[in-house]
Amino acid sequence: MTDIAPARTSHRDALLREGLNQLFIHGYHGTTVDGLLDATGVPKGSFYHHFGDKESFVVAVLQRYDRFHQRLLEKWSSREELSTAEMMSGYFQDLVEHFVSSGFTHVDLIGKLATEIANGSESIRVILAEQLGRWRTTVEQILRDGQARGDVRTDRDVAELSATINAYIEGAFVVAQSTRDERGLETVSAAIAESIAA
């Protein structure tokens with residue numbers, strides 16, 4: 001879920017890209033500074049110059065991950081020819097494509113880290129909560145705009161609908177990581193659309 005790498009990548013950018021990949025695969029505790037340095041060839045001094053410590057590094061990775069989701073939501077919500085249900089299903093399908101192409105390893109990083117370390121690191125817990133809140137706020141606005149257009153149900157509050165979509169996405173990836181069943185992901189895409197359509 002990262003941008004296409006430029007011809008020459010800075011040490012900081014190389015570490016962030018590799019850090020995202022390793023956090024997806026190994027989680028927080030399985031991702032080590034030495035492992036990052038071995039994978040990128042970046043000198044140890046550069047890591048500590050840019051990030052200071054592992055926890056600050058993970059916060060920086062999460063900030064990059066948050067920007068990815070915000071850009072992806074903007075990409076789909078700007079397509080005015082689509083219904084809101086199609087926008088949200090399209091967003092989910094993009095996530096699914098990346099997830100499947102990664103060999104079912106790149107699940108939702110916020111959910112992954114929340115279950116692993118949220119109770120052990122206050123700074124990471126706070127940024128996870130902030131990013132989840134920002135995601136829900138963005139989705140709520142997309143749904144609110146859809147209600148104004150008449151294609152999103154109005155018998156449920158947008159906050160409730162946003163939380164439902166989030167639960168569908170989180171649950172879908174957790175299950176699919178175990179089953180490797182793409183058909184289940186297609187079912188969830190349809191369920192997301194049905195849950196919000198007027």
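A few comments on the model shown:
- Amide H to amide H distances under 5 Å link VAL152 with GLN147, ALA198, where only residues 5 or more positions off or on other chains count and H is placed in the peptide plane.
- Cβ-based net charge around LEU37, under 10 Å, with every Lys or Arg adding one and every Asp or Glu removing one: -2
- Linear extension gain, GLU122 paired with VAL33, 0.36 nm per residue minus alpha-carbon span: 30.0 nm
- Residue among VAL96, VAL42, ILE142 farthest towards the positive dipole end of the chain, charges placed on Cβ: VAL42
- At R0 = 22 Å, FRET efficiency that the Cβ-Cβ distance of ALA148 and GLU81 yields, to 0.05: 0.85
- Rounded to the nearest Hz, the phi-derived 3J(HN,Hα) couplings of the stretch 43-55 under the Karplus curve 6.51 cos²θ - 1.76 cosθ + 1.60 (θ = phi - 60°) are x, 4, x, 5, 4, 6, 5, 7, 10, x, 7, 5, 5, where x marks glycine and proline.
- FRET efficiency, 1/(1 + (r/R0)^6) with R0 22 Å, evaluated for THR187 and ALA163 via beta carbons: 0.65
- Using the Cβ-Cβ distance between THR115 and ARG156 with R0 set to 35 Å, the FRET efficiency works out to roughly 0.80.
- For the chain, the longest principal axis of the Cα atoms and the long axis of helix 158-179 meet at an angle of about 60 degrees.
- Rounded to whole Hz, the Karplus (6.51, -1.76, 1.60) HN-Hα couplings of the stretch 21-33, x for glycine and proline: 4, 5, 5, 4, 7, 9, x, 5, 6, x, 8, 10, 4
- Cα long-axis angle, helix 182-196 against the chain (0 to 90 degrees, to the nearest 10): 50
- P(r) tail for the chain: Cα pairs beyond 27 Å make up 34% of the total.
- Simple spin-label estimate for ARG180 and VAL100 gives 1.4 nm between the two label positions (7 Å along the Cα-to-Cβ direction from each Cα).
- ³J(HN,Hα) computed for each position of the stretch 98-115 - Karplus, 6.51 cos²θ - 1.76 cosθ + 1.60, integer Hz, glycine/proline x: 5, 4, 5, 5, 7, x, 6, 9, 8, 7, 6, 5, 5, x, 4, 6, 4, 6
- The chain - mean residue ellipticity at 222 nm from DSSP helices (-39,500 (n - 2.57) per run, n ≥ 4, rounded to 500): -25500 deg cm²/dmol
- Cβ charges +1 (Lys, Arg) and -1 (Asp, Glu), total dipole of the chain, debye: 460
- Neighbour-count ranking [beta-carbon atoms within 10 angstrom, fewest first] of PHE24, PHE68: PHE68, PHE24
- Taking label positions 7 Å along the Cα-Cβ direction at both HIS11 and ASP53, the computed distance is 2.1 nm, reported to one decimal.
- Potential lengthening between GLN70 and HIS26 on full extension [0.36 nm per residue; Cα-Cα distance subtracted]: 13.4 nm
Values quoted throughout were computed directly from the atomic coordinates according to the rules given, and no laboratory measurement underlies them. Everything numeric here is computed off the predicted structure, so don't read it as measured data. Every residue, glycine as well, gets a Cβ built from its backbone with ideal geometry; the counts of neighbours run over all protein chains shown.
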